[in-house]
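Student: Sending over a structure as structure tokens; questions will come in a sec.
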Amino acid sequence: MTADVSSDLKSADIQLIQRILPHRYPFLLIDKVVDIDGYKTARGIKNVTMNEPHFQGHFPGTPIMPGVTIIEAMAQTSGVMLGVGMDLIDTDLLIYFMNIDKCKFRRKVVPGDVLEMNVETIRGKMGGKIFKFSGRATVDGEVAAEAEFTAMVDRSVEGA
């Protein structure tokens, strides 16, 4: 599947996500990205299941999604947004964290939850290398985590 080009808002299913991001199991932390508006905003969806490897140790008997994986899911949502919005599909795109600010965890995320990551580009431009994002992860409309993060887009890898 390619991005839905029938409207200004686009989406990415798991096949398209894998054409944009290098992440794979067990570190691919999003299932789809919807409402992609260029490289300005997007909403990622993660269906949290007990099958995920981090639940074996975090915490036995009381499975809670680690906060750092929630922030990573927001970053992966941002990466897909850039990939679709800047037409970087099938380019071996790499995006690296540079900074995380204003990070707060507000609610536990547990198996059975549907985690939604709403991300927005605060700073960055088409063809640019450095982007700053704002992200908010929610479950049933309740804020689970929020953060601002900066990332570098690396197009220097072969094929990018």
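The values are calculated or read from the model by the stated rules, or taken from the named source; none is laboratory data. Treat the numbers as computed from the prediction; the structure is a model and nothing was measured. When we count neighbours, we look across all protein chains shown, and the Cβ atoms used for this are built from the backbone with ideal geometry, even at glycine. Remember, those area values only see protein heavy atoms, side chains included, never the ligands or the DNA or RNA. Shrake-Rupley method; radii C 1.70, N 1.55, O 1.52, S 1.80 Å.
Yes/no matrix, rows are residues, columns are (1) more than 18 Å from the chain's Cα centre (by Cα); (2) modelled with pLDDT under 95:
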| position | (1), (2) |
| --- | --- |
| 126 | yes, yes |
| 131 | no, no |
| 143 | no, no |
| 148 | no, no |
| 154 | no, yes |
| 159 | yes, yes |
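Student: Among what's in segment 41-92 and is among the small types (Gly, Ala, Ser) and more than 14 Å from residue 139 (Cβ to Cβ), pick the residue that is surrounded by the fewest Cβ atoms within 10 Å (Cβ to Cβ).
Tutor: The qualifying residue surrounded by the fewest Cβ atoms within 10 Å (Cβ to Cβ) is 61.
Student: Among the residues of segment 17-40, write down those that are part of a loop (DSSP other than H, G, I, E, B), in contact (Cβ under 8 Å) with a residue 60 or more places away in the chain, over 16 Å from residue 117 (Cα atoms) and open to solvent by 50 Å² or more (accessible area, probe 1.4 Å). Walk me through it before giving the result.
Tutor: Taking segment 17-40 first, the residues part of a loop (DSSP other than H, G, I, E, B) are 21-31, 38-40.
Filter once more, so that each one left must be in contact (Cβ under 8 Å) with a residue 60 or more places away in the chain: 21-22, 30, 39-40.
Still in the running and over 16 Å from residue 117 (Cα atoms): 21-22.
Selection gives 22 alone.
Student: Would you confirm whether or not segment 101-120 contains a residue that is open to solvent by 70 Å² or more (accessible area, probe 1.4 Å), free of Cβ contacts under 8 Å to residues at least 12 places away in the same chain, of a type in the set (Lys, Arg) and part of a loop (DSSP other than H, G, I, E, B)?
Tutor: No: segment 101-120 contains no residue that is open to solvent by 70 Å² or more (accessible area, probe 1.4 Å), free of Cβ contacts under 8 Å to residues at least 12 places away in the same chain, of a type in the set (Lys, Arg) and part of a loop (DSSP other than H, G, I, E, B).
Student: Filter segment 121-130 down to residues that are open to solvent by less than 80 Å² (accessible area, probe 1.4 Å) and in a loop (DSSP other than H, G, I, E, B) and give me whichever is nearest to residue 75 (Cα to Cα).
Tutor: Checking each candidate, the answer is 124.
Student: In addition: Can you tell me which residue is surrounded by the most Cβ atoms within 10 Å (Cβ to Cβ) among those in segment 131-160 that are of a type in the set (Asp, Glu) and within 13 Å of residue 74 (Cβ to Cβ)? Before the answer, list the steps.
Tutor: Of the residues in segment 131-160, the ones of a type in the set (Asp, Glu) are 140, 142, 146, 148, 154, 158.
From what's left, within 13 Å of residue 74 (Cβ to Cβ): 146, 148.
Details: 146: 19, 148: 16.
Ranking the qualifying residues of segment 131-160, first place goes to 146.
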